[in-house]
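J.: The structure under discussion is supplied below as C-alpha cells; questions concerning it will follow.
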Amino acid sequence: MIDKELIHRRNSILFILISAFYLIHVTINSFIEGLASIFPPAFLFIIFGIILIQLIHKKVNPKITMYVMISFIYIYFYFLLNDSPYLVNYLFMWMALPLSAIYENSRVIVVAGVASIILTFYSFFYLHHEIFSNVGREDFIYLVLFGVFNTFYLFAFIHKARETNAKLQELAFHDPLTGAANRLLLKEKFNLLKRAKVHSIAILFIDMNGFKKINDTYGHEVGDQLLKEMVARVSGLLRDTDLLCRLGGDEFAILSSNIDNPILEKISRRIQFALEKPVVLNHQIINLSASIGWYYTTEVLNVDLEELIKEADRAMYRAKRCELIAGHSSDLQGKYN
C-alpha cells in the first residue's frame, strides 16, 4: 500500500511536469507560427489529459495509471511527429525517457527506452526527408546506440538510487540497535492504516521488567544483546501487517489493525511466554519478563496516535501493578506456609 501511494504521488507529479512543458511548448509555437499550428495534436493532448486526470483523481490502480501515462506520452509524440515532422519534436520525444525515471522503476525505464528506439526507427526511415535530410542512412545505428546507452544508463542509475534509498530508509525508519521500527515509521504506518479505513487500530505497550537492574549487574553490552533478543522473539510472533516499534530504552509498542480484545489478550500471553524463557549470554543465565498493556478502538478516523500510546501505557502500568500485587501475595503466602 505504501508503494501504491508513492506511485500515485509520482503520477501526479509527472502529469504536472508534462502539462507545464506542453503549455510552454504551445505558447511558444502560438507566438511563432500562430494558434492553428498547435492543432490537431492539441486535441489529442486534451483527450489524453482528461483520461489521466480521471485516473489520478479517482486513484485507479496507480501502476496501471503509470503505464497508461507512459503509453500516452509516446502515442502523443507519434502523432506529433506525423503532424509536425521537425527535428525539435524528435528531440523532445527523447525527454520522455528521463521523465519516466521519476518512478524509479526498471521496467518502466525499459518500456520507455524500447518505445523511444521504435519511434526513432519510424522517424528515421518514414520521416527521413523531413527530419534527417542531412543524415546518411548508415548513421541510423548511432541513433540506436544513443537510445540503448541512455536506457542502460538510466537503468543502472535507478538501480543504484533504489539501493541508496533503501539504506536511507533503513536508517530513517528503524532503530539502529535492534532493527525494530522507530517512532517515525510508527507514525507513517499509523497514518496509512487510517487512510486505508481499517476496522480497528490497536497499540500493545511492552515494558521490560527489571531491565535497569540487568544493565547495572551485567553491563550495557549485555543489555543491548537482550533488547535484540527481545525484538527477535516478539517479531516471530507477529503478523505481517503488525509493526514492532522501539519507543525508547526498554519500551516497545506494537501497532496492529483489524483486531479486538480477545485476540490482543492471546497475543499478549504469547509474547509474555516467549520472553520468560531464559537467555544465556556470556555464560550467564538471565531471566526476562515483560509487562504488557493494550488499547484498541474502532473509531479509526478520530483516533490520535499519541493518545493511543498513552492509553496503552496506562494499561501496561495497571498490569504491572497487578503483577506486583500478585507476586507480593505469593511471597506472603509462601512465608506463612
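The values are calculated or read from the model by the stated rules, or taken from the named source; none is laboratory data. It should be emphasised that the depicted structure is a prediction, and the values quoted were computed from it without experimental measurement. Neighbour counts are summed over all protein chains in view; Cβ atoms, including those assigned to glycine, are modelled from backbone coordinates with ideal geometry. Heavy atoms of the whole protein, side chains included, go into the accessibility calculation; ligands, DNA and RNA do not. Shrake-Rupley method; radii C 1.70, N 1.55, O 1.52, S 1.80 Å.
J.: Hey, can you find the accessible area per residue of the range 204-326 for me, probe 1.4 Å, expressed in square angstrom? Write out the running numbers ahead of the final one.
T.: Numbers: 6680 Å² over 123 residues.
Accessible area per residue, the range 204-326: 54 Å².
J.: For residue 196 and residue 148, what is the calculated FRET efficiency with R₀ set at 51 Å and r taken between the beta-carbons, to the nearest 0.05?
T.: 0.75
J.: Return the inverse of the average 1/r over all pairs of distinct C-alpha atoms in the range 1-156, which is the Kirkwood hydrodynamic radius, in Å to one decimal. The partial results should precede the final answer.
T.: On the way: mean 1/r = 0.0607 Å⁻¹.
After inverting the pairwise mean of 1/r, the radius is 16.5 Å.
J.: For the chain, compute the orientation-averaged projected area of the C-alpha convex hull (one quarter of its surface), in nm².
T.: 24.5
J.: Rounded to the nearest 500, what is the 222 nm mean residue ellipticity of the chain from helices alone, with -39500 (n - 2.57) per DSSP H run of 4+ residues and division by all residues?
T.: On the way: 13 runs with 227 residues, N = 337.
Theoretical 222 nm ellipticity from helices: -22500 deg cm²/dmol.
J.: Around residue 218, what is the net charge, scoring Lys/Arg as +1 and Asp/Glu as -1 over all other residues with Cβ under 12 Å from its Cβ? Intermediate values should be presented prior to the final figure.
T.: Working: positive: 212, 213; negative: 216, 221, 224.
Net charge in that neighbourhood comes out at -1.
J.: Could you tell me the distance between the Cα centroids of the range 1-68 and the range 196-274, to the nearest Å?
T.: 47
J.: Using a Förster distance of 51 Å, how high is the FRET efficiency between residue 83 and residue 284, based on the Cβ-Cβ distance and rounded to 0.05?
T.: Details: r = 80 Å, r/R0 = 1.57.
For R0 = 51 Å, the calculated efficiency reads 0.05.
J.: From the alpha carbon gyration tensor of the range 192-337, can you work out the equivalent ellipsoid semi-axes (sqrt of 5 times each eigenvalue) and give them in Å, largest to smallest? Spell out each step's value before the answer.
T.: On the way: eigenvalues 171, 75, 34 Å².
The three semi-axes for the range 192-337 are 29, 19, 13 Å.
J.: Quick one: plug the Kirkwood hydrodynamic radius of the range 68-221 (C-alpha pairs) into Stokes-Einstein at 20 °C, 1.002 mPa s, and report D in µm²/s.
T.: Result for D is 106 µm²/s.
J.: Could I ask something else about it? Quick one: pull the percentage of alpha-carbon pairs in the range 205-272 with a separation above 19 Å. Walk me through the numbers on the way to the answer.
T.: Numbers: 795 of 2278 pairs.
Percent of Cα pairs beyond 19 Å in the range 205-272: 35.
J.: Let me ask another. Need the full-extension length gain, residue 36 to residue 4, defined as separation in residues times 0.36 nm minus the C-alpha distance. One decimal, nm.
T.: Numbers: separation 32, 0.36 × 32 = 11.52 nm, distance 4.01 nm.
Separation in residues times 0.36 nm, less the Cα-Cα distance, equals 7.5 nm.
J.: Near residue 69, within a Cβ-to-Cβ distance under 12 Å, what is the net charge of the other residues, with Lys and Arg +1 and Asp and Glu -1? Before the final figure, lay out each step's value.
T.: Numbers: positive: 10, 63; negative: none.
So the environment of residue 69 carries a net charge of +2.
J.: A further question on this structure: Have a look at 70, 254, 18 and tell me which one the Gaussian network model of the chain (Cα, springs below 10 Å) gives the largest fluctuation.
T.: 18
J.: What residues of the range 31-65 lie in the reach of a label at residue 13, counting those whose backbone N is under 16 Å from a point 7 Å from the Cα along Cα→Cβ?
T.: Within reach of a label on residue 13: 63.
J.: Next question, about the same structure. I need the trypsin sites (Lys or Arg not before Pro) found in the range 1-63, filtered to DSSP loop residues with at most 16 other beta carbons within 10 Å of theirs.
T.: Details: sites: 4, 9, 10, 58, 59, 63; in loops: 58, 59.
Answer by residue number: 58, 59.
J.: Using a 1.4 angstrom probe on heavy atoms only, work out the carbon and sulfur share of the accessible area of the chain in %.
T.: Details: 12110 of 19630 Å².
Taking all protein chains in place, the chain shows 62 percent carbon and sulfur surface.
J.: Determine which lysines satisfy two conditions relative to residue 59: a Cα distance under 30 Å, and not lying fewer than 8 residues away in the same chain.
T.: Within the straight-line cut-off, residue 59 pairs with 4, 160, 167, 187, 189, 194, 197.
J.: Ratio of Rg to Rh for the range 119-179, alpha carbon only, Kirkwood?
T.: Values: Rg = 21.3 Å, Rh = 14.9 Å.
With Rg and the Kirkwood Rh in hand, the quotient comes to 1.43.
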